[in-house]
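Please treat every number below as a calculation from the coordinates, not as lab data. Note that the coordinates shown come from a computational prediction; the quantities given were computed from them, not determined experimentally. Don't worry about glycine lacking a Cβ; one is built from the backbone with ideal geometry, like all the others, and counts go over all protein chains shown.
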Amino acid sequence: MYYRGHIPDHPEVVKKRLGLHLHPDYARMRATALPLQTTNRAKLPVSAGGPGVQNQGDASDCEGFAHSSGATLRLAIAGTPLPEVISGVGLYYGALLADRSPNPDGTLPPIFDNGTGPSSIISGWGRWGAAGRSAWGQVPSGSATMYQNPSDPNSALINPTPEQLYSEFPCKFAGAFFIQTSGLQKVIDIYSALAAGYPVSDAIPASGGVFQSYSGGILTAEQMTGPFDHANLLVDVEWTGSLGQFNAWLGGEAGLDAYLVGHGVNSWGGVGCVDGGSWGEVDPLNGLGGQYRFDRSFFDMLQSPCVLAVTRSS
């Protein structure tokens, strides 16, 4: 059983999202010539400054891990790697706290491992910032390190300390920007972000048996069943046909979609993951498991594609 935890944003929140055209690096994304393949995942290993393949264990903090992995990988790609991986648990806690409302008497209720949405991650990150993995100390992620009573799946989470919430860390969050286009333009926008070195977080339906037991191959939208309940990270895209076919596809010519292949990273561990796990396929580019490939229909299906703006502050 692999755990999910993405909760779709309310439709009124979706209407107010900042589009990709407002991203501070959008002009460069738009001007970047699209290569036949991107290789951001070469920076995925921790030894290359990346987040590695993380493992959320039996907790519902996928949204935190998708965004922490994306931001850590982005800075590694930019040549300004962080001293350690951003804590996915920390971002998740920040989101849960951002959503929490006081009781009528002014006290604060406990927080539970009920999952969260991308807007809540953004709210928490903007309020408390991000901390490194070591600041939280809840490694590996899961009920054993996060629950007040690990034997009770309904127990509250351990309350964070001020030191955890406000830990100084050299990552500056400048916003989250969503790809709101559809069809071919949606794919091109994702391609452009990846070509400029920006991983893209997203939401997928992960409850179906094909994804739960995936060990290799190219996934299609038809194989993804159930609700949109899991946050993931898109890291690369490649065109397996010729340059001429690629240019024709960009121009809208039909019948060429089979040459498009995307690469994603999950948070259920995998070969080479320091926190264990065996999910997914091993990518020969970085030697790490926990990854997957997908086709054009998958691009069309995914929800909430998000491109972060983060910088190294020291």
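Okay, here's what the table says:
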read-out: Average Cα contact separation per residue, region 11-312, under 8 Å, 6 or more apart, as relative contact order %; value: 24
read-out: Cα gyration tensor, region 11-117 - rounded (a/c under 1.5), prolate or oblate; value: oblate
read-out: Helix axis angle, 118-128 relative to the chain longest principal axis, alpha carbon, degrees; value: 50
read-out: Order by protection proxy (mean Cβ within 10 Å, highest first), peptides 274-281, 196-203; value: 196-203, 274-281
read-out: For region 145-193 and region 32-81, distance of Cα centres in Å; value: 13
read-out: Anchor residue 43: aspartates and glutamates whose Cα lies under 16 Å away (excluding residues fewer than 8 positions away in-chain); value: 84, 236, 283
read-out: Gyration tensor verdict on region 123-213 (Cα atoms; rounded if a/c is under 1.5, prolate if a/b is larger than b/c, oblate otherwise); value: oblate
read-out: Region 10-76 - percent relative contact order, Cα under 8 Å, separation 6 or more; value: 23
read-out: Helix axis angle, 183-195 relative to the chain longest principal axis, alpha carbon, degrees; value: 70
read-out: Choice from 94, 142, 241 showing the highest fluctuation, given a GNM over the chain with Cα pairs closer than 10 Å; value: 241
read-out: Anisotropy class of region 11-312 from Cα gyration tensor, a/c 1.5 cut; value: prolate
read-out: Distance between modelled label sites at residue 212 and residue 84, nm, 7 Å Cα→Cβ extension; value: 3.4
read-out: Value of relative contact order over region 137-194, rounded to a whole percent, pairs C-alpha under 8 Å and six or more apart; value: 15
read-out: Region 11-312 - share of DSSP beta bridges that are antiparallel (%, nearest 5); value: 90
